[in-house]
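Asker: I'd like to ask some things about the structure below.
The values are calculated or read from the model by the stated rules, or taken from the named source; none is laboratory data. Values in this document were obtained by computation on a predicted structure and should not be read as measured data. No Cβ is skipped: glycine too gets one built from the backbone with ideal geometry, and neighbour counts run over all protein chains shown. For the accessible areas, the whole protein counts, side chains as well, though only heavy atoms, and no ligand, DNA or RNA atoms are used. Shrake-Rupley method; radii C 1.70, N 1.55, O 1.52, S 1.80 Å.
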Amino acid sequence: MSEETPTLEGDDFSQGVALEKIAENGMLLGHAQGEAVILARRGNELFAVGATCTHYGAPLVDGLLVGDTVRCPWHHACFSLRTGEVLRTPALSPIACWRVERRGGTVYVTAKQGNAPDHPAPAALGLPESIVIIGGGAAGEAAAVTLRREGYTGPVTLLSADAAPPCDRPNLSKNFLAGTAPADWLPLRSPEFFAENHIDLRLNTRVASIDTAQCRLQLADGSSLAYGALLLATGAEPVKLTIPGANLPHVHYLRTQADGEALANAAATAGRAVVIGASFIGLEVAASLRARNIEVHVVGLETCPMEKILGPQGGNFIRTLHEQHGVVFHLGTSASHIDAHEVTLQNGEKLAADLVVIGVGVRPAIALAEQAGLAVDRGVLVDDYLQTSVPGIFAAGDIASWPDRLSGERIRVEHWVVAGRQGQTAARNMLGLRERYDAVPFFWTEQYDFGLAYVGHAKDWDHADIDGSLDARDCTITYRRGDRKLAVAVIHRDLEGLRAEVEFERAMASGANAAKAGS
């Protein structure tokens, strides 16, 4: 079958467009050379870049210009307007760039340009002879790719305990499990990508210990591997229930691609499912199983799902949403026993089930860090540059506990976008670029036809203020401790989410400047 010609909107920029059509600090959608393009205007500068985010295809014209960058409205990826480079995940690839010419009051988009980092490649002097990354998740994959995009030419080895290459983990509980996304959507990169970029990806590879004095890893298969710099991105492991029957074949956890494939295969023939855990992962699984017309019961210790994160109104909305789709909740209790055909709850109730999914949280995988003598405290302690207590060893992702300048506290966040961004920053710092990790935490959830984006980090908050209507699915929820804004959740208000992110970034920057002035 021949590919259909994409429908292109707006002006043909190659034929010229009036400058006055491009708002100051605004964007205009059009096309050039058969591709969708946005023209962005910032002061006296004009930029022409690809119109679509390289993550899930969001229209960048609906995003936000911040300095000389454009941010994706859906999942907050950030691109350089000058080079098209991915400055922040979850985008995987740069967007295209075109040359812009201004002739009088008319703007023309001409030749396409190549992508290159905003700064020169790092000088070879002083760089680590080799870099090893432990962990094949979002942080590890982003770090390996960033090293190459930044011009590092030394050996890069990516050690993954998983059987599959780095995958789109959020999709495992969403579209893939629902049966609306094929398995070939899961890998983040093509099979050839790692070889073409000289990244030595080793699957099914576990590290037994780290010798920090000798800068050497002992692998579980008995071999060893030297490193010049090391990134720990070992992620987190699901909390396993120890109740009777928790190891039966029809009981599933969801973390790796193999877990996702096993669960999807089981769901294909299941009729009744019990989801133990009313967390985001549990509720996303419940929604995906309902999309397959499976009867779903959700069991949770809390009395209101997600109340700790979203507040009572948000939590009750989520519960009602699921109940409208046929989910039955059993809250304030947990499972005490699982057998081949049912789950027994602590209150004595019995739920028929031929499929059980357990999602009661995760624990950071810090055993290697502890063995190596790194400073740990419910996570691996890192500085502003994601370096651990041992020089030359960095940590990123679910295990990293970093000093958050917004809250003034040390935090650890278990979200996919955070992991990818930390992997990027750690990679740049292993090359000596001294980049502070200052990205605001972000995550999103999709359940049925409902989506929510969350910006910031509010572990403890006093009150949640709702602007708009939850029932109308058009609102902003602001979480505060005292007068301090900690986080914002948005529903169908993408631009407000981006603006909140920028507001938090500026608050962090002003706090850092104030600290410098006072020192």
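Asker: For segment 187-227, list the strands (runs of 3 or more DSSP E) that sit wholly inside it and hold at least 1 residues that are under 16 Å from Ala369 (Cα atoms) and open to solvent by less than 50 Å² (accessible area, probe 1.4 Å); which are they? Working first, answer last.
Answerer: On the way: elements: 199-202, 207-211, 216-219, 224-226.
Of the strands (runs of 3 or more DSSP E) lying wholly inside segment 187-227, those with at least 1 residues that are under 16 Å from Ala369 (Cα atoms) and open to solvent by less than 50 Å² (accessible area, probe 1.4 Å) span 207-211, 216-219.
Asker: Now for a separate question. List the residue pairs whose Cβ atoms are under 9 Å apart, where the first residue sits in segment 378-399 and is over 15 Å from Glu414 (Cα atoms) and at pLDDT below 95, the second is crowded, with 24+ Cβ neighbours inside 10 Å and aromatic (Phe, Trp, Tyr), and the two are 6 or more positions apart or on different chains.
Answerer: Final answer for the pair search is none.
Asker: A further question follows. Could you check how many residues of segment 384-400 are open to solvent by 10 Å² or more (accessible area, probe 1.4 Å) and not in a loop (DSSP other than H, G, I, E, B)? Let's see the steps before the verdict.
Answerer: The initial filter retains those residues of segment 384-400 that are open to solvent by 10 Å² or more (accessible area, probe 1.4 Å), namely 384-385, 387-392, 394, 398.
From the residues that got through so far, the ones that are not in a loop (DSSP other than H, G, I, E, B) too are 387, 394, 398.
Residues in segment 384-400 being open to solvent by 10 Å² or more (accessible area, probe 1.4 Å) and not in a loop (DSSP other than H, G, I, E, B): 3 in total.
Asker: Tell me which strands (runs of 3 or more DSSP E) are completely within segment 1-87 and hold 3 or more residues being within 23 Å of the chain's Cα centre (by Cα), or say none if there are none. Walk me through how you get there before you give the answer.
Answerer: On the way: elements: 27-32, 35-42, 45-50, 64-66, 69-71, 78-80.
Those strands (runs of 3 or more DSSP E) span 64-66, 69-71, 78-80.
Asker: Take Gly420 and tell me if it is under 26 Å from Pro391 (Cα atoms), in contact with a Pro (Cβ under 8 Å, 6 or more places away or on another chain) and in a loop (DSSP other than H, G, I, E, B).
Answerer: Working: under 26 Å from Pro391 (Cα atoms): yes; in contact with a Pro (Cβ under 8 Å, 6 or more places away or on another chain): yes; in a loop (DSSP other than H, G, I, E, B): no.
So Gly420 fails the test.
Asker: So, restricting to helices (runs of 4 or more DSSP H) that lie completely within segment 256-324, which ones have at least 2 residues that are of a type in the set (Val, Ile, Thr)? Lay out the reasoning, then the answer.
Answerer: Details: elements: 257-267, 280-291, 307-324.
Here the list reads 280-291, 307-324.
Asker: Does Ala36 count as more than 30 Å from Ala181 (Cα to Cα) and either among the aliphatic types (A, V, I, L, M) or without any contact (Cβ under 8 Å) to a residue 12 or more places away in the chain (or both)? Steps first, answer last, please.
Answerer: On the way: more than 30 Å from Ala181 (Cα to Cα): no; either among the aliphatic types (A, V, I, L, M) or without any contact (Cβ under 8 Å) to a residue 12 or more places away in the chain (or both): yes.
Taking the combined requirement at face value, the residue does not satisfy it.
Asker: For segment 352-383, name all the residues that are of a type outside the set (D, E, K, R), in a loop (DSSP other than H, G, I, E, B) and either open to solvent by less than 30 Å² (accessible area, probe 1.4 Å) or farther than 26 Å from Gly300 by Cα (or both).
Answerer: Initial filter on segment 352-383 (of a type outside the set (D, E, K, R)): 352-353, 355-362, 364-369, 371-376, 379-382.
Next, only the ones that are in a loop (DSSP other than H, G, I, E, B) stay: 353, 359-361, 365-366, 372-375, 379, 382.
Matches in segment 352-383: Ala353, Gly359, Ala365, Ile366, Ala372, Gly373, Leu374, Ala375, Gly379, Val382.
Asker: Which of the residues spanning segment 52-81 are of a type outside the set (A, V, I, L, M, F, W, C), more than 21 Å from Ala142 (Cα to Cα) and open to solvent by 30 Å² or more (accessible area, probe 1.4 Å)? It would help to see each step written out before you state the result.
Answerer: Step one: of segment 52-81, the residues of a type outside the set (A, V, I, L, M, F, W, C) are 52, 54-57, 59, 62-63, 67-69, 71, 73, 75-76, 80.
Now drop any that are not more than 21 Å from Ala142 (Cα to Cα), which leaves 59, 62-63, 67-68.
Correct list: Pro59, Asp62, Gly67, Asp68.
Asker: Same structure again: Of all residues in segment 92-113, which are more than 23 Å from the chain's Cα centre (by Cα), within 25 Å of Ala427 (Cβ to Cβ) and open to solvent by 40 Å² or more (accessible area, probe 1.4 Å)?
Answerer: Looking only at segment 92-113, we keep the residues that are more than 23 Å from the chain's Cα centre (by Cα), and these are 97-113.
This time we only want the ones that are within 25 Å of Ala427 (Cβ to Cβ), so: 97, 113.
Gln113, the sole residue that qualifies.
Asker: Further question: Hey, does segment 477-485 have a residue that's open to solvent by 50 Å² or more (accessible area, probe 1.4 Å) and within 23 Å of Pro73 (Cβ to Cβ)?
Answerer: Step one: of segment 477-485, the residues open to solvent by 50 Å² or more (accessible area, probe 1.4 Å) are 480-481, 483-485.
Next, from what is left, pick out any that are within 23 Å of Pro73 (Cβ to Cβ): 485.
Within segment 477-485, one or more residues are open to solvent by 50 Å² or more (accessible area, probe 1.4 Å) and within 23 Å of Pro73 (Cβ to Cβ).
Asker: When you look at Thr89, is it open to solvent by 50 Å² or more (accessible area, probe 1.4 Å) and either aliphatic (A, V, I, L, M) or in contact with a helix residue (DSSP H, G or I) (Cβ under 8 Å, 6 or more places away or on another chain) (or both), yes or no?
Answerer: Details: open to solvent by 50 Å² or more (accessible area, probe 1.4 Å): no; either aliphatic (A, V, I, L, M) or in contact with a helix residue (DSSP H, G or I) (Cβ under 8 Å, 6 or more places away or on another chain) (or both): yes.
It is false that Thr89 is open to solvent by 50 Å² or more (accessible area, probe 1.4 Å) and either aliphatic (A, V, I, L, M) or in contact with a helix residue (DSSP H, G or I) (Cβ under 8 Å, 6 or more places away or on another chain) (or both).
Asker: Here is a further query. If you check every pair at least six apart or on different chains, which have Cβ atoms under 9 Å apart with a residue in segment 315-344 that is within 18 Å of Ile358 (Cα to Cα) and open to solvent by 30 Å² or more (accessible area, probe 1.4 Å) first and a residue that is in a loop (DSSP other than H, G, I, E, B) and of a type in the set (Gly, Ala, Ser) second?
Answerer: Hits for this filter: Leu331/Ala278; Ser336/Gly348; His337/Gly245; Asp339/Gly245; Ala340/Gly245; His341/Ala353; Glu342/Ala353.
Asker: Farther than 25 Å from Ile399 by Cα and assigned to a loop (DSSP other than H, G, I, E, B): does that describe Pro165?
Answerer: Values: farther than 25 Å from Ile399 by Cα: no; assigned to a loop (DSSP other than H, G, I, E, B): yes.
Answer is no for this residue.
Asker: Just one of (1) of a type in the set (D, E, K, R); (2) over 30 Å from Trp185 (Cβ atoms); (3) part of a loop (DSSP other than H, G, I, E, B) trips up Glu101, so point out which.
Answerer: Going through the list (1) of a type in the set (D, E, K, R); (2) over 30 Å from Trp185 (Cβ atoms); (3) part of a loop (DSSP other than H, G, I, E, B), Glu101 breaks only (3).
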